[in-house]
Amino acid sequence: MNIAYELPILGVGAALPARCVSNNQLVADLAARGVETNSEWIESRTGIQQRYICDETEGTLSLAREAVGKAIASSGVALDDITVLVVATCSPERTFPSVAAMVQGELALPTTCFALDVNAACGGFLAALSVARGHLLAAGKGTAVVVGVDVFSRLVDWQDRGTCVLFGDGAGALVMKVQPQTGVEPVGLLGVSMGSDGTMASALQATGGVSLTGTAGVVEMQGREVFKHAVRQMGSAPALLADVGLTLNDVDFVVPHQANLRILEAAAKSLDLPMEKVVVTVDKHANTSAASIPLALNEAWERFDKGDVLLLQAFGAGFVWGDAVIKL
Ligand code: UT7
């Protein structure tokens, strides 16, 4: 007999660096480095008003550890019941071991927990969600922690005003388990759909890497090109919704990757969804890469009701993009 499974979301958590940097502060810091920009440009072109930036005591590992700890606490799940920990990041603490393995050790998750990192840049959280979903469904039992964390303050070129004003640091996580379907309709993560186009790799990339230069490199982006593709791919949600038996009318909230308010507005318009349904945190966090969707989920968590349908949407370097549908 085939068993129908569902993947309820049990909790969320997030972590931000202690230091919040407003546009005005950033403009002054950059001026001291000889880089000319202004708050009006940053806010009108991106919607960003501030970002959080790590100091020397903070980093990918500390943010991930805090977000995972909070998500597990909010879920009520015992540490020993975590069977898989997937961390999405392209700014790992070390080249190896993985951030996930380090978090597993520091939080004393059981050694039966499979801990791994995935790198799909800004598309990372949905890639990690997809990996965790596959792992849970294959096992038919278990509980996953899915994390997005990035520290782009250590990856941007602080002399490049076209990119350095766009990013912030942070981490977010959710806890999801697999169980036989309990009601008539499944709840939780209903589906994930990912896509990629490596021919666009050079439109958004780091200039270095272990194999290429032995250094991490810095972020390099053809902003307008990325903008155009992001809006187009974020319009691809109806296909996944149809796969899970829903339409755009069923969507209560969109939780998109937070790169630019203008991208969110253009994508909402192309889907004919009102902005009231779109969770916006880019003003507070800037672009936190893999962390932006779980940070936004955590921020809006109290606004959601049981039964709400969430559409998660990501787009980033690769290009890699994806949609996910969650019914709470
Ligand atoms: O998270 C992964 C996905 N990433 C994204 O989705 C980002 C997508 N792209 C974007 O969000 C936008 O393209 C940007 C915010 C990056 C740029 O906005 P834009 O409206 O496309 O501006 P632009 O790059 O075409 O630059 C317009 C002008 C240029 O000046 P000129 O040549 O017109 O005189 C730039 O030199 O803005 C200038 N500029 C700045 N001026 C003040 C670029 N950066 C700055 C700055 N301050 N920080």
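Every number in this text was worked out from the coordinates using simple rules, so none of it is lab data. This is a predicted model, so every value here is computed, not measured. Because the Cβ atoms are built from the backbone with ideal geometry, glycine has one as well, and the counts that use them run over all protein chains shown.
Applied to region 12-23, the Karplus parametrisation 6.51 cos²θ - 1.76 cosθ + 1.60 on θ = phi - 60° returns per-residue 3J(HN,Hα) values of 9, x, 8, 8, 10, x, 5, 8, 9, 10, 6, 4 Hz, with x for Gly and Pro.
Rounded to the nearest 20, the size of the Cβ-charge dipole of region 73-143 about its Cα centre is 200 debye, with Lys and Arg at +1 and Asp and Glu at -1. Here the extension length gained between D305 and Q222 equals 26.0 nm, from 0.36 nm per residue of separation less the Cα-Cα distance. Run the quick spin-label model on T182 and R45: label points 7 Å from Cα toward the beta carbon, then report their separation in nm to one decimal. Calculated label separation equals 4.9 nm. A Cβ-based charge dipole, computed about the Cα centre of the chain with Lys and Arg at +1 and Asp and Glu at -1, lands at about 240 debye.
Between G188 and I9, K327, L328, the built amide H atoms are under 5 Å apart, and every one of these is 5 or more places off in sequence or on another chain. Our summary gives the chain a relative contact order of 25 percent, counting only alpha carbon pairs under 8 angstrom and 6 or more residues apart. Each residue of region 46-61 was assigned a 3J(HN,Hα) from its phi angle through the Karplus curve 6.51 cos²θ - 1.76 cosθ + 1.60 (θ = phi - 60°); the sequence is 10, x, 6, 10, 7, 8, 9, 10, 5, 8, 5, 8, 10, x, 4, 5 Hz, with glycine and proline shown as x. Between region 51-104 and region 114-171, how many Å separate their Cα centres? If you average the Cα positions of each part, the centres end up 10 Å apart. For region 199-205, backbone phi angles converted through the Karplus equation (6.51, -1.76, 1.60; θ = phi - 60°) give residue-by-residue couplings of 5, 9, 3, 6, 6, 8, 8 Hz, Gly and Pro being listed as x. Multiplying the residue separation of D272 and D252 by 0.36 nm and subtracting their alpha-carbon distance yields 5.9 nm. Amide H to amide H, with H built 1.01 Å from N, T143 comes under 5 Å of T83, V84, counting only residues 5 or more places away or on other chains.
When Rg and the Kirkwood radius Rh are both evaluated on Cα atoms of the chain, their ratio Rg/Rh stands at 0.96. The local environment of D283, defined by Cβ-Cβ distances under 15 Å, has a net charge of 0 under the rule Lys, Arg +1 and Asp, Glu -1. Taking the Cα centre of region 1-142 as reference, the dipole from Cβ charges on Lys and Arg (+1) and Asp and Glu (-1) amounts to some 280 debye. Within the straight-line cut-off of under 25 Å between alpha carbons, the lysines reachable from K141 are K70, K177, K306, K327, sequence neighbours fewer than 8 places apart in one chain being disregarded.
Identify, among V325, P180, A314, the residue whose Cα sits farthest towards the positive end of the charge dipole of region 180-328, taking +1 on the Cβ of Lys and Arg and -1 on the Cβ of Asp and Glu, with the dipole about the Cα centre. The listed residue farthest towards the positive side: A314.
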